Each structure stands twice: as C-alpha cells, then as structure tokens.
1. For the range 67-165, state which trypsin sites (Lys or Arg not before Pro) are in a DSSP loop and have at most 16 other beta carbons lying within 10 Å of their beta carbon.
2. Please give me, ordered by residue number, the chymotrypsin sites (Phe, Trp or Tyr not before Pro) of the range 192-242 that lie in loop per DSSP and have at most 11 other Cβ atoms within 10 Å.
3. Given bins 10 angstrom wide, list per bin the percent of all Cα-Cα distances in the range 11-143, short to long.
4. Over the Cα atoms of the chain, what is the Rg over Rh ratio if Rh follows Kirkwood?
5. Using +1 at the C-beta of Lys and Arg and -1 at the C-beta of Asp and Glu, which of Ser129, Pro219, Thr209 has the Cα lying farthest in the positive direction of the dipole of the chain?
6. Are there any chymotrypsin sites (Phe, Trp or Tyr not before Pro) in the range 102-175 that are in a DSSP loop and have at most 13 other Cβ atoms within 10 Å? List them by number.
7. Any idea what the relative contact order of the chain is, in percent, if you count C-alpha pairs under 8 Å spaced at least 6 apart?
8. Report, ordered by chain and residue number, the aspartates and glutamates lying within cross-link reach of Lys96, taken as a straight Cα distance under 20 Å and ignoring same-chain residues fewer than 8 apart.
Amino acid sequence: MTESLKEQVLARPVPTHVAIIMDGNGRWAMEKGRPRTDGHKEALEAVDEAIQGCVMLGVKYLTLYTFSTENWNRPKEEVDALMDLLVYAIEANTQKLMDNNIRLRVIGDVSRMSSEVRSRLDGCIEKASKNTGVTVILALSYSSRWEITEAFRAAVREAQDGKRRAEDVDETYVTSLLETHDIPDPDLLIRTGGEKRISNFLLWQIAYTELYFSDQYWPDFRKDDLAQAILAYQNRQRRFGLTEEQAEHLN
C-alpha cells in the first residue's frame, strides 16, 4: 500500500468491520486456461493482502465468505481440494497470525466438515485465541438463511421450555441467537468478481452496511484495492433511515 493512499484513509474514521465476498477465483483460472483449483490457490495471496491491509489501517474485524452451504453442491473433487487447501493455508499461516496478533474464528455449519478438518481448524483457532488485534472471521459452510433458521429453532426451543414469551422477542434477542452475536455488524461489504448480489451472506447483519462492488477477480485483489474501497466508504453518508440533516447531526 502506498504511503499516500494509507494517509488518505487514516485521515478519516475507518470502518470497524469489513466483510468480503471473495468472488471470481474459478473465472480467474479459467480465463488463464488453468484448473479452477488454481484460482483458489492464488486467492490465498489476496486473503493475506486483505488481512495485512486491515492491520495497517486499523480495521478491527474482517469477515471472509470462504465457503457457503451452497458450495457443497460443487463437484466433489473441487470441494475436497478446497477443504485441503483451506486447512493447509490456515496451518501454514498460524505463526503469521501469532506474529501479527491476529485472532481467528469461524462461523457456519462446521458439522458438515470432516472431523479431521474440524480438529485441525480448532487447533489453529485455539492457538490464536488470546490474540487481541484484528479478528479474522471465516464464514465456512455458512449461509444467512441457515443461520436465521437455526436462530428460529433456538427461539422455539426456548419458548417450549417456558423461557421466552412472544412479547419478549425483539431485534436484540434475535441478534443474540446469531453466529455473530458478539461481533459488530459490518460497516462495509466488498464483493469482487463483477457480480452485484449478496449471495445469502450476513443478510440480517448488513441491514445498514455500505456495499462496494469491484470488477476485479479476487486473486488480483490487493491492499491498495482494500484502501480504495474504504475511501469510497468514507465518502458516503450513512443515514440509518434518517434525513441528510439528521445524519449530519448524528455524525
């Protein structure tokens, strides 16, 4: 990241939480005449760049849409390769996480992952659990509809047990049942790859999140691109349903 770009970003408040839909790995590889799995391998460099960019700019939370529940429907060989690559990458970079004081956590239906993958992943998370810097959240085997459905199930169980009445249910209660209950909602959501949709990602949490779409494929995304997305965010007025005048007073 150039020093001048970094200074521009740091001159104004940066988002506390950035979420990224990392799209375009397969298309990046196919356009180069390479296997789709090569795109996923190259994507690891972009992940490292995004994490380092957050460290440099003071972003506290980075959520990466790593593997959706729908991705289980992809060809088995691609899914297996993704799982192997994921765990290898996390294990290979655990020391880097420690050196940079980065905490790691996972949201999603990890019960669908093999016991070996879960065990190795849990080991890496435990090693970095005491870190206090940027929290990197991997959305693994995740979809927002799955998350909200699980929240409904938990609410019904509490009601059946007499622990909750209908009139007790409010937004705070619903939020408490989500995977992200202890994480602030994203301020900025970035999607790469040229697509302009949310793809079942953090639907409850992004009610007032600023959206930024990039035509770049994820393997080409770098710290400067993250900084440019944050600059675009900083040039917007977040209103949260208020008028411009009210929002100006709020800020």
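Only the coordinates and a few stated rules stand behind these numbers; no lab work does. For clarity, every value in this text was computed on a predicted model and none was experimentally measured. All Cβ positions, glycine included, derive from the backbone under ideal geometry; neighbour counts span all protein chains shown.
1. Sparse-neighbourhood loop trypsin sites (Lys or Arg not before Pro): Lys130, Lys163, Arg164, Arg165.
2. Phe240
3. Result, from short to long distances: 12, 43, 34, 10, 1 percent.
4. Looking at the chain, the ratio lands at 0.98.
5. Ser129
6. Answer in residue order: no site qualifies.
7. Averaging sequence separation for qualifying contacts and normalising by length gives 29 percent for the chain.
8. Once the sequence-local aspartates and glutamates are set aside, what remains near Lys96 is Glu42, Glu45, Asp48, Glu49, Asp84, Asp122, Glu126.
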